[in-house]
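To start, the structure itself, in structure tokens.
The values are calculated or read from the model by the stated rules, or taken from the named source; none is laboratory data. Every value quoted in this text rests on a predicted model; they were computed, and no experiment measured them. Ideal geometry is used to build each Cβ from the backbone, glycine not excepted, and the neighbour counts take in all protein chains shown.
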Amino acid sequence: MTLLDYLTEAAHSGASDLFLVTGAPVSVKQEGQLRPLESERIVPSRGESLIKELYVLAERSITSFFQTGDDDFSFSVAGLARFRVNTYRQRGSVAAVIRVVAFTIPDYRSLHIPEEVMALADNTSGMTLVTGTAGSGKSTTLACIVDRINHSRPCHIITLEDPIEYLHRNQQSIVSQREIAVDTENYLSALRACLRQAPDVIQLGEMRDLETIRTAMTAAETGHYLLGTLHTRGAVNSIDRIIDAFPAESQEQIRLQLSAVLKTVVSQQLLPTVDGQLVPAFEILHLNNAVRTMIRENKTHQIAAAMAAGSDSGMRTMDQSILVLLREGIISRDTALAYADNPEQLLRRLDSGR
């Protein structure tokens, strides 16, 4: 089989990822499970041939990869799908993991993204964070939110991505999509430049370092609506991660600034369902006056209790979301306990029938 054959099989089978790793058979991941496409293992010469074929198909120079040992990029195959690629060296050989991305923005309802999350598209200023571990669906959730903005109001949306995954066509809005290392040098320079490009909405693919976080907060302070991601699990951990990125002498000021600009933190993870698929569970924190005070006064450990009690304002903890999925029969009891933030407390609630 050729590389295109593997890509076609991955796209048509509904796989999320395609693995080309020397020493293992070509495999895809479907609903969280690995499935080999053939029994034969990839030998080093075959692996290098597949990686070279990948760069030819993407019309991208392979020189940088051979120099650095890592590369990120995306490309499209007409009539098939878009693909997000990471190539890397491992044990002296080359490998790639290829994420399959549909051409069209998926329907948020089919992905079980709740309306409370989609309603974040109605914000016009401040900062919203979508957080979670790698592969938890953050990029897809952001794409759905941006798509709703694009269809609902006239504005200029700028996305800064590494690499670009979903393609947005201009609807009511104008959407400028910039790919890091292709259209611009890095997140920080792109973010600084986009403040001069009359944006209304900025989607920041990842808040990786102190200066990017600082500039993102400044953008949110100056009247833009900023959507960002962090590779953290949990709303409280995300807030602490931002504050801890700064030197100790600056953290009091950052707490004040963050409490003023941050509007919502969404944290998500994917759970296996009873029928072998994946379903997202969401934690939602809206910053009301009480939560803002907790951030300013360095009492973030109290936020979880505020979330648990804030269901009337659309807030929910991760364990509350997991409990709903369990009661609806979507996930098993074992899965609920395995993915809960506080499995002991969840178990007590289940045993008490609450």
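Just a few scattered comments:
- For Asp312, the conditions (1) closer than 22 Å to Thr335 by Cα; (2) without any contact (Cβ under 8 Å) to a residue 40 or more places away in the chain; (3) among the acidic types (Asp, Glu) are fulfilled apart from (1).
- Residues that are over 30 Å from Ser110 (Cβ atoms) and polar (S, T, N, Q) number at least 2 in the following helices (runs of 4 or more DSSP H) confined to the range 212-300: 251-261, 289-296.
- Candidates Gly137, Gly205: the one that is at positive phi, in contact (Cβ under 8 Å) with a residue 12 or more places away in the chain and touching a Leu at 6+ places or on another chain (Cβ under 9 Å) is Gly137.
Listed here are the residues, each with its yes/no results for (1) charged (D, E, K, R); (2) more than 23 Å from Ser321 (Cα to Cα).
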site	(1), (2)
Gln251	no, yes
Leu258	no, yes
Lys263	yes, no
Gln269	no, no
Asp275	yes, no
Leu278	no, no
Glu297	yes, yes
His301	no, no
Met307	no, no
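- Only one of the numbered conditions (1) over 23 Å from Ile145 (Cβ atoms); (2) aliphatic (A, V, I, L, M); (3) touching a Ser or Thr at 6+ places or on another chain (Cβ under 7 Å) is not met by Leu111, and that is (1).
- With respect to (1) under 20 Å from the mean Cα position of the chain (by Cα); (2) surrounded by 18 or more Cβ atoms within 10 Å (Cβ to Cβ), the lone exception for Arg255 is condition (1).
- Asp240 of a type in the set (D, E, K, R), farther than 24 Å from Ile98 by Cβ and at pLDDT 95 or above: yes
- Residue in the range 204-236 that is nearest to Leu120 (Cα to Cα), counting only those that are polar (S, T, N, Q) and crowded, with 17+ Cβ neighbours inside 10 Å: Thr229
Here's the yes/no breakdown for (1) in the same structural domain as Gly14 (by TED's automatic domain parsing); (2) under 28 Å from Ile330 (Cβ atoms); (3) among the small types (Gly, Ala, Ser):
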position	(1), (2), (3)
Gly69	yes, no, yes
Ala78	yes, no, yes
Ala81	yes, yes, yes
Arg84	yes, yes, no
Gln90	yes, no, no
Ala95	yes, no, yes
Pro106	no, yes, no
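- Filtered residue count, the range 23-34, keeping only those that are surrounded by 15 or more Cβ atoms within 10 Å (Cβ to Cβ) and either basic (Lys, Arg) or modelled with pLDDT under 95 (or both): 3
Here is a yes/no grid of residues against (1) aromatic (Phe, Trp, Tyr); (2) surrounded by 17 or more Cβ atoms within 10 Å (Cβ to Cβ):
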| site | (1), (2) |
| --- | --- |
| Ser76 | no, no |
| Phe83 | yes, yes |
| Ala96 | no, yes |
| Ser110 | no, no |
| Glu115 | no, no |
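- The residue that is nearest to His224 (Cα to Cα), counting only those in the range 158-191 that are hydroxyl-bearing (Ser, Thr, Tyr) and modelled with pLDDT of 95 or more, is Thr159.
- Residues in the range 238-272 that are polar (S, T, N, Q) and in contact (Cβ under 8 Å) with a residue 60 or more places away in the chain were compared, and the one that is farthest from Lys29 (Cα to Cα) is Thr264.
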